Amino acid sequence: MSDPTALTLAEARDLLRAKKISAAELTDAHIAAVAQARVLNAYVLETPDKARAMAKASDAKLAKGEGGALEGIPLGIKDLFCTDGVRTTACSKILENFIPPYESTVTANLWRDGAVMLGKLNCDEFAMGSSNETSAFGPVVSPWRRKGSDAKLVPGGSSGGSASAVAAGLCLGATATDTGGSIRQPAAFTGTVGMKPTYGRCSRWGTVAFASSLDQAGPIARTVRDTAILMRAMAGHDPKDTTSVDMPVPDYEAALGKSIKGMKIGIPKEYRIDGMPAEIEKLWAQGAEWLKAAGAEMVDVSLPHTKYALPAYYIVAPAEASSNLARYDGVRYGLRVPGHDISEMYENTRAAGFGKEVRRRIMIGTYVLSAGYYDAYYLRAQKVRTLIKRDFEEVFATGISAILTPATPSAAFGIGEKGGADPVEMYLNDVFTVTVNMAGLPGIAVPAGSDGQGLPLGLQLIGKAFDEASLFTLGGVIEDAAGKFTPARWW
Amino acid sequence: MSAPASTRSKLIKGMTGDWEVVIGLEVHAQVSSRAKLFSGAATEFGGAPNSHVSLVDAAMPGMLPVINKECVAQAIRTGLGLNAKINLKSVFDRKNYFYPDLPQGYQISQYKEPIVGEGIVDVDLPDGESVAIGVERLHLEQDAGKSLHDQHPSMSYVDLNRSGVALMEIVSKPDLRSSAEAMAYLAKLRAILRYLGTCDGDMEKGSLRADVNVSVRKPGAPLGTRCEIKNVNSIRFVGQAVEVEARRQIEIIEDGGKIDQETRLYDPNKNETRSMRSKEEAHDYRYFPDPDLLPLEFTQGYVDELKSKLPELPDDKQARFITAFGLSPYDASVLVAERESAEFFETVTLGLTTSPKTKSGGQAELVAKVGMAVDSKVTRADGREDTKRDPKLAANWVINELFGRLNKEGRDIAASPVSAAQLGAILDLMADGTISGKIAKDLFEIVWTEGGDPRDIVEARGMKQVTDLGAIEKVVDEIIAQNPDKVEQARAKPQLIGWFVGQAMKSSGGKANPQAVNDLIKRKLGV
């Protein structure tokens, strides 16, 4: 075996089943790769002992011809998923020593299917960010570099650790979460595949909440097939989350390679924004050509309320976050900074425990929910949300199977390059992705090309509610046409 | 049925004339259920601190609420008991504020769309008047934990056992016009909840508590500025708090001041209300729909099913006691005020075998048995029910003897030393002439203090009434022979034979049959 970390998840699975590689070998190779790539800062906690023990158990099962769909597959887990007995911080100082006595439903599903945990992955603090620079553990570095430059680039965010680790071969796949684009944008920045499923497809139980009505877990992996395999394991109804949906989870892998002949794909004119780089425009047209070549029909569609999505998102998400993060008060767990009285203890703890971006969003959220402002901001944003949802429903009602858009307005940028003076500059990263969260729909980001400096660019496919399968089919077509995107190793 | 407020108001005299007090109650009733509103943790009272706390109650990261269906059913039952509109769709909201005993940093409550809308409670006042008090709404919400300030010199401790327990907040309209009405309304509400089994109504344990909104105005004037007196935990204190707060407000206004809208606290020791926080300091709770929970929806069919299984409520029971047993409205209202009293009375009257001192769970059984007894009754032409014992006599004994004795010792009926079967036996002994009414009271006292079967006690202690005319005649003859002067007087004024009856009863040790003695003396004296 040359380099087990270069395998795709599907290849590794097949080799494990054929007993051509052991889970222990596969895991050890990844543990070594993780240790050698610390400069990327993708992992905030490595759990090699746990990984070896899990791999050993998997090998025992595989030897008996047993084992689940992910038996022996080493994965990285975003540090937003609570893991029983393993430190979980949401990459915030306020939870720096928090060890949950419970396992999130999504990760429990993965372990049920035999997956192996390599460790916890870096992310933006409480998943609030688009560059993984808000993490209390410091920024994640992308394995990608611009041609002829050694400037450190961001992997995107908030699931930057997940995207960076997957792109750099530090795991075969990773869990991630997406509230406004946190799976799809980092996937696009790193040449990986990321799926944000329909709201309600994955349980939110045991995942640290950012914005409850928008948060969804999903996978990032190196191929569409790998993403489909992970998606199936992560999804499923959970009685502990009343917003999770009791619907059968299809075999997403089986969706790959299906014909797209006659499928109607919408091209929304509102996604052609001012100042969009020509290479993004070109990529989008290229994607449409590929799908057309495979037999799909391109249809111009309109999603008229798109331009209101970003401002509405930056009201709804902080509003929910301001309430969701109230529990981090220094009383029961996590950081506590003493004060003379309870109010001062709250103030000291939360000032020291939360980073700047988290504090900013708590304040925005508190403001928009305040008496006298609620109607003008929160209520209006919810109305916009309803309109955005209706835009999609109307388009899908005309027989459109999926909508093709760029995933991001640009390729990855340098660490420290954006959002320093104006946070909105950073928020604009999510302009193509937030609509999907606002409407609760599934979206997939698939690598489709490179910019002039050799950095990967991604396309996004948006599907009908609970029709992730079509997105895997279509994503597979783009992937086959565009080829793989692997960073040259420099670390 | 209800008198208009203006005529019912018990106006308060001030220096500048009469004042009307306007009162609204927000009652927090703990839902009777085994588990909390959104977590599977137990709701038992009195566990060791933090022994009934789930991950959800402690607001651990990533925990999510899941609605407890039984709490929803209890809220619907209560709404039905309040003759209220049941909303088939309602929404849970977050009420955001920081407090150490509020782990989530928000309380899950219902703000704009409660599970129960407007309803009516008919309240009987002590002066015999009846008023209909409007219910504005009932909503479900979580209780908070408890802060303990006496455990450490500089720190407070928190007990989360109550955190997340389901409460029903029942908000009245500002329809109450006196402390007496406020007390009567709360008592009636408590009775309804206890009949329904949706709240145990235990105010000492905090299962039921009231926030009292009080304002005053000149009759006919617009509503005055109100103050909210928080967390009053007894019916008596509600009355006292209204009185003292109304007085305070009248004095301020008459002195040329104005009332500040604020939250106040009632101190029963000093009998005064004190400011807790003013409107300016009031929290901005930043209510918004809880995104972790879908809107709460159920069908009319589900409501109808719950309705079909509701127990008989105080008003219906009172009406039945009047028509079926011929009780006076007052006696009936006294008996139905507590479900256990009504059951006790009915057990005595109908001669049921089940003791009313059944534990929880047994109550339902008793209701079922009472129901069966009622079903199998023979209805007479006059609409009265055939009963084993005289209902009026049973009511008198339960109300006067039993309640009197219980009140004297501060016990409630569940702890009565005299069971319904024992009281029934005493009434039977009286009815068949074995003992007199006077002896019956002595017998009741013996059963109360010593227990035992009343029939055996009467037998063993020779308490039987003497109806043997021969023995009585001898006694009467002796008394007549010894008191010729009294005989003269009695012949002149026949009412005076009462003296002879008294003497005869005395010398028989009270065991002589008073009617027989009376007849005998009349005959002997020729009056």
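The values are calculated or read from the model by the stated rules, or taken from the named source; none is laboratory data. This is a predicted model, so every value here is computed, not measured. Please note: Cβ atoms are built from the backbone with ideal geometry, for glycine as well, and neighbour counts cover all protein chains shown.
Name the single residue that is farthest from the chain's Cα centre (by Cα) among those in the stretch B:218-232 being surrounded by 17 or more Cβ atoms within 10 Å (Cβ to Cβ) and outside any strand (DSSP E or B).
Here the answer is B:Gly224.
Suppose the filter is under 44 Å from the mean Cα position of the chain (by Cα), under 15 Å from B:Phe345 (Cα atoms) and of a type in the set (D, E, K, R); does B:Arg389 pass it?
So B:Arg389 fits the description; yes.
So A:Pro304 fits all but one of (1) more than 10 Å from chain B (Cβ to nearest Cβ); (2) in a helix (DSSP H, G or I); (3) surrounded by fewer than 19 Cβ atoms within 10 Å (Cβ to Cβ); what number is the exception?
A:Pro304 satisfies every listed condition except (2).
Just checking, does the stretch B:36-51 include any residue being out of contact with any strand residue (DSSP E or B) (no Cβ under 7 Å at 6 or more places or on another chain) and crowded, with 22+ Cβ neighbours inside 10 Å?
Yes, that holds for at least one residue.
Give me the pairs, please: first residue somewhere in the stretch B:250-266 and part of a loop (DSSP other than H, G, I, E, B), second residue anywhere and surrounded by fewer than 14 Cβ atoms within 10 Å (Cβ to Cβ), beta-carbon distance under 6 Å, and either six or more positions apart or on two chains.
What qualifies is B:Asp260/B:Ser278; B:Gln261/B:Lys279.
I'd like the full set of residues that are hydrophobic (A, V, I, L, M, F, W, C) and over 25 Å from the mean Cα position of the chain (by Cα), limited to the stretch A:24-47.
Scanning the stretch A:24-47 gives a single hit, A:Ala24.
Across the stretch A:87-98, which residue is nearest to A:Ser22 (Cα to Cα) among those that are out of contact with any helix residue (DSSP H, G or I) (no Cβ under 7 Å at 6 or more places or on another chain) and more than 11 Å from every other protein chain (Cβ to nearest Cβ)?
Here the answer is A:Arg87.
Which condition number does B:Gly197 fail, the rest of (1) surrounded by 24 or more Cβ atoms within 10 Å (Cβ to Cβ); (2) at pLDDT 95 or above; (3) touching a Ser or Thr at 6+ places or on another chain (Cβ under 8 Å) being met?
(1)
Is one or more of the residues making up the stretch B:500-518 surrounded by fewer than 19 Cβ atoms within 10 Å (Cβ to Cβ), touching a helix residue (DSSP H, G or I) at 6+ places or on another chain (Cβ under 7 Å) and aromatic (Phe, Trp, Tyr)?
Looking through the stretch B:500-518, none of the residues is surrounded by fewer than 19 Cβ atoms within 10 Å (Cβ to Cβ), touching a helix residue (DSSP H, G or I) at 6+ places or on another chain (Cβ under 7 Å) and aromatic (Phe, Trp, Tyr).
Looking at this structure, is A:Lys50 within 26 Å of the chain's Cα centre (by Cα) and not aliphatic (A, V, I, L, M)?
It is true that A:Lys50 is within 26 Å of the chain's Cα centre (by Cα) and not aliphatic (A, V, I, L, M).
This table checks each residue for (1) within 13 Å of chain B (Cβ to nearest Cβ); (2) more than 22 Å from the chain's Cα centre (by Cα); (3) over 30 Å from B:Leu55 (Cβ atoms); (4) not in a helix (DSSP H, G or I).
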site	(1), (2), (3), (4)
A:Asp274	no, yes, yes, yes
A:Glu279	no, yes, yes, no
A:Lys292	no, yes, yes, no
A:Ser322	yes, no, no, no
A:Gly339	yes, yes, no, yes
A:Arg359	no, yes, no, no
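Failed condition for A:Val431, given (1) at pLDDT 95 or above; (2) touching a Leu at 6+ places or on another chain (Cβ under 6 Å), with all others met?
(1)
Can you find, within the stretch B:304-348, the residue that is nearest to B:Arg77 (Cα to Cα) among those that are among the hydroxyl-bearing types (Ser, Thr, Tyr) and in a helix (DSSP H, G or I)?
Per the stated criteria, the residue is B:Ser308.
Does A:Arg350 meet the test of being within 10 Å of chain B (Cβ to nearest Cβ), surrounded by 21 or more Cβ atoms within 10 Å (Cβ to Cβ) and of a type in the set (D, E, K, R)?
yes
Identify all residues within the stretch A:87-107 that are buried (at least 18 other Cβ atoms within 10 Å of the Cβ) and either within 23 Å of A:Gly236 (Cβ to Cβ) or at pLDDT below 95 (or both); write none if there are none.
Within the stretch A:87-107, A:Thr88, A:Pro100, A:Tyr102, A:Glu103, A:Ser104, A:Thr105, A:Val106, A:Thr107 qualify.
Within the stretch B:75-87, does at least one residue satisfy the condition of being within 12 Å of chain A (Cβ to nearest Cβ) and in contact with a strand residue (DSSP E or B) (Cβ under 7 Å, 6 or more places away or on another chain)?
No, the conditions are met nowhere in the stretch B:75-87.
For the stretch A:96-121, give me each residue that is under 18 Å from the mean Cα position of the chain (by Cα) and β-branched (Val, Ile, Thr).
Matches in the stretch A:96-121: A:Thr105, A:Val106, A:Thr107.
Can you pull out the helices (runs of 4 or more DSSP H) entirely within the stretch A:379-491 that have at least 3 residues that are surrounded by fewer than 24 Cβ atoms within 10 Å (Cβ to Cβ)?
Hits in the stretch A:379-491: A:380-397, A:423-427, A:468-482.
Of the numbered conditions (1) of a type outside the set (A, V, I, L, M); (2) more than 30 Å from A:Glu289 (Cβ to Cβ); (3) in contact (Cβ under 8 Å) with a residue 60 or more places away in the chain, A:Tyr373 satisfies every one except a single condition; which is it?
(3)
Taking the residues in the stretch B:265-304 that are among the acidic types (Asp, Glu) and over 19 Å from B:Leu37 (Cα atoms) as candidates, determine which candidate is farthest from the other protein chains (Cβ to nearest Cβ).
That would be B:Glu272.
Which members of the stretch B:204-217 meet the condition of being part of a loop (DSSP other than H, G, I, E, B) and either at pLDDT 95 or above or crowded, with 20+ Cβ neighbours inside 10 Å (or both)?
Result: B:Ser207, single match.
Does the stretch A:236-253 contain any residue that is within 28 Å of A:Leu310 (Cβ to Cβ) and away from chain B (no Cβ under 14 Å)?
no
Which one is nearest to the other protein chains (Cβ to nearest Cβ), of the residues in the stretch A:46-86 that are assigned to a loop (DSSP other than H, G, I, E, B) and surrounded by 24 or more Cβ atoms within 10 Å (Cβ to Cβ)? Full working, then the answer.
We begin by selecting, within the stretch A:46-86, every residue assigned to a loop (DSSP other than H, G, I, E, B); these are A:47, A:64-73, A:79-80, A:82, A:84-85.
Still in the list and also surrounded by 24 or more Cβ atoms within 10 Å (Cβ to Cβ): A:70, A:72-73, A:79-80, A:82.
Working: A:Leu70: 22, A:Gly72: 27, A:Ile73: 24, A:Asp79: 11, A:Leu80: 8, A:Cys82: 5 Å.
If we take residues in the stretch A:46-86 being assigned to a loop (DSSP other than H, G, I, E, B) and surrounded by 24 or more Cβ atoms within 10 Å (Cβ to Cβ), then A:Cys82 is nearest to the other protein chains (Cβ to nearest Cβ).
Which members of the stretch A:1-29 meet the condition of being among the basic types (Lys, Arg) and within 21 Å of A:Ala167 (Cα to Cα)?
Hit for the stretch A:1-29 is A:Arg13, nothing else.
Quick check on the stretch A:108-133: of everything there that is in a helix (DSSP H, G or I) and in contact with a strand residue (DSSP E or B) (Cβ under 8 Å, 6 or more places away or on another chain), which residue is surrounded by the most Cβ atoms within 10 Å (Cβ to Cβ)?
A:Ala127
Of all residues in the stretch A:206-224 being surrounded by 24 or more Cβ atoms within 10 Å (Cβ to Cβ) and within 7 Å of chain B (Cβ to nearest Cβ), which is nearest to A:Gly476 (Cα to Cα)?
Among those that are surrounded by 24 or more Cβ atoms within 10 Å (Cβ to Cβ) and within 7 Å of chain B (Cβ to nearest Cβ), it is A:Thr207.
Can you work out which of the residues in the stretch B:318-342 that are touching a residue at least 60 places away in the same chain (Cβ under 8 Å), among the charged types (D, E, K, R) and under 20 Å from B:Arg389 (Cβ atoms) is surrounded by the most Cβ atoms within 10 Å (Cβ to Cβ)?
Result: B:Asp331.
Which is among the small types (Gly, Ala, Ser), surrounded by 12 or more Cβ atoms within 10 Å (Cβ to Cβ) and not in a helix (DSSP H, G or I), of B:Gly424, B:Gly433?
Of the residues listed, the single one that is among the small types (Gly, Ala, Ser), surrounded by 12 or more Cβ atoms within 10 Å (Cβ to Cβ) and not in a helix (DSSP H, G or I) is B:Gly433.
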